[in-house]
Structures are given as C-alpha cells and as structure tokens.
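Novice: To start, I am sharing the structure in question, which I have written as structure tokens.
The values are calculated or read from the model by the stated rules, or taken from the named source; none is laboratory data. Just so you know, these numbers come straight off a predicted model, no measurement behind them. Using ideal geometry, Cβ is built from the backbone for each residue, glycine included, and neighbour counts are taken over all protein chains shown. Only protein heavy atoms, including side chains, enter the accessible area calculation; ligands, DNA and RNA are left aside. Shrake-Rupley method; radii C 1.70, N 1.55, O 1.52, S 1.80 Å.
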Amino acid sequence: GAGVSQSPSNKVTEKGKDVELRCDPISGHTALYWYRQSLGQGLEFLIYFQGNSAPDKSGLPSDRFSAERTGGSVSTLTIQRTQQEDSAVYLCASSRLSVITDTQYFGPGTRLTVL
Amino acid sequence: SQQGEEDPQALSIQEGENATMNCSYKTSINNLQWYRQNSGRGLVHLILIRSNEREKHSGRLRVTLDTSRKSSSLLITASRAADTASYFCATNSGYSTLTFGKGTMLLVSP
C-alpha cells in the first residue's frame, strides 16, 4: 500500500509568514509523529499523536508551533510567524500501534526555507 | 537533546569492504533502532534490537547491543555503492517517541 506522504515537498516563505505542512499517514496507523531535522543534524522530536489520546506536545520548540490531527488520520503542522531558525526538513512518521516496539514509517519530508 | 551519538561522523570505504558504525547512548532503553536516510529526506527503518537482545541479523546487516556499555554497533558487510547514505541510531526509553543521534555519513566508492 501507499506509504506516508507529505506536502508540499518544498516550501519557501518569508520571515513572519505562517506555513502549514501536511502529513498523510499510512491508512490504519494509529500513531503519528512529527520531527524536525536541521542541516547536518539528527532528528528532533516535535509532537506525537496516539489514537484518541491527547497529543504529546513536549517537543514543540515554541508556542508558534502547533499541530492537529483530524479524524485520526491527516495531520497538519502549523508554524506561525516563521523565523529563519525554523528552516529545516520536517519529517512525519506513522506507526501501526502506539507501542514502543512498533516500527515508525517516515514520509519524504517537507524542506522549509525561511528567507 | 540527543540521546544517541554515532561514531564515526563520516566513513568512506570501497565497495566490498565492511562498514562498522557505532552508537552510544546515555540512559536506559527499551530498544534501539537503526535507520538509513538518503539525500537528507525520508528515513528507512533498518533493524530494531530490544534491550534483552545482544545481536541481530538482517541480510547484510548485523547489529549488536551492549547495555552495560550503553552502546550499539551496525555492521554492513560486503558494502555496495547503493549503501551510501546517512545512518542514524534511535533509542526508545519507555515512551513511543524515538530519540535520534546525529548520524554517520557513509560513502561507498565503486
């Protein structure tokens, strides 16, 4: 079946603008994760959705970042008033079960450039 | 904060040689996973090793885990040019999120 998809693949925006990044997880996956990867760095956890439970937002770097997951499927990560340090690749992943040993499947990412 | 730290940061080898990458972590874990990333985009899951396991194989991959030293190694045997990528270790410490290291960049020359 189809893997995790993300859109757009690339986004260039001006400082101060808002952006929305979209993630379509694998159908039937109950857990969804957002990560951020800055140039030459590892992945930084942002937020985690687990079924109908309240999301784990502990990784969001500031209140300019928010995310929603509608209907337990598609997720949108919103960055308000973007700053240059927000430039990174934003990766989404989903897993079938919300258990610690379940494999996370990653999308191709959205490369965000804030000018 | 980074839990896993890969070593070396970069590795360059010839096709056919073996490549060994190491990962060290700081806190106790439930499992450790290795991922591959091509061209700075999506990650591909390679292998998962649980904290009560010491060694695991998958094709040309061999992963070891030493919980007493808080370290893991990934061995790729008979490397190919297509193995060129960045390799990340990720640890799970009791929550469903993973904590990633900064990765090892592997270059396999034909």
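Novice: Quick check: Cα centre of region A:28-63 to Cα centre of region B:20-72, how many Å?
Specialist: 21
Novice: Just for the protein assembly as shown, what percent of DSSP beta bridges are antiparallel, to the closest 5?
Specialist: Rounded to the nearest five, the antiparallel share is 90 percent.
Novice: Spin-label point model (7 Å from Cα, Cβ direction): what's the A:Gln41 to B:Arg54 distance in nm?
Specialist: 3.8
Novice: Could I ask something else about it? Write down the percent of antiparallel bridges among all DSSP beta bridges whose residues are both part of chain B, to the nearest 5.
Specialist: Numbers: 38 of 43 bridges.
Percent antiparallel among DSSP bridges in chain B is about 90.
Novice: Also, I was wondering about something else. Put a dot 7 Å past each Cα toward the Cβ at B:Ser39 and B:Ser24; how far apart are the dots in nm?
Specialist: Once both label points are built, they end up 3.5 nm from each other.
Novice: Further question: Just want to confirm a number: the relative contact order over chain B, from Cα pairs under 8 angstrom separated by 6+ residues, in percent.
Specialist: After rounding, I find 39 percent.
Novice: By how many nm would the segment from A:Thr113 to A:Ser73 lengthen if fully extended, with 0.36 nm per residue of separation less the alpha-carbon distance?
Specialist: Length gained, A:Thr113 through A:Ser73: 11.8 nm.
Novice: In chain B, what is the volume of the convex hull around the alpha carbon atoms, normalised per residue and reported in Å³?
Specialist: Hull volume normalised by residue count: 92 Å³.
Novice: Could you please tell me the mean projected area of the C-alpha convex hull for region A:9-90, averaged over all directions and given in square nanometres to one decimal?
Specialist: Mean shadow area of the hull around the Cα atoms is 5.5 nm².
Novice: Whole number in Å², please: accessible area per residue of the protein assembly as shown, 1.4 Å probe, ligands, DNA and RNA not counted. All intermediate terms of the calculation are to be shown ahead of the outcome.
Specialist: Numbers: 10710 Å² over 225 residues.
About 48 Å² of surface per residue is accessible.
Novice: Follow-up. Return the average number of partner chain Cβ atoms within 10 angstrom of each residue Cβ along peptide A:33-42.
Specialist: 4
Novice: Compare the peptides A:45-52, A:70-77, A:8-15 by average per-residue count of other Cβ atoms within 10 angstrom and give them in order, highest first.
Specialist: Answer by packing, highest mean first, reads A:45-52, A:70-77, A:8-15.
Novice: Between B:Asn38, B:Asn22, B:Asn92, where does the largest GNM mean-square fluctuation fall for chain B, given springs only between Cα atoms within less than 10 Å?
Specialist: Evaluated over chain B, the most mobile residue of the options is B:Asn38.
Novice: If you average the sequence gap of Cα pairs under 8 Å that are 6 or more apart and divide by the length of chain A, what percent do you get for the contact order?
Specialist: Value for chain A: 38 percent.
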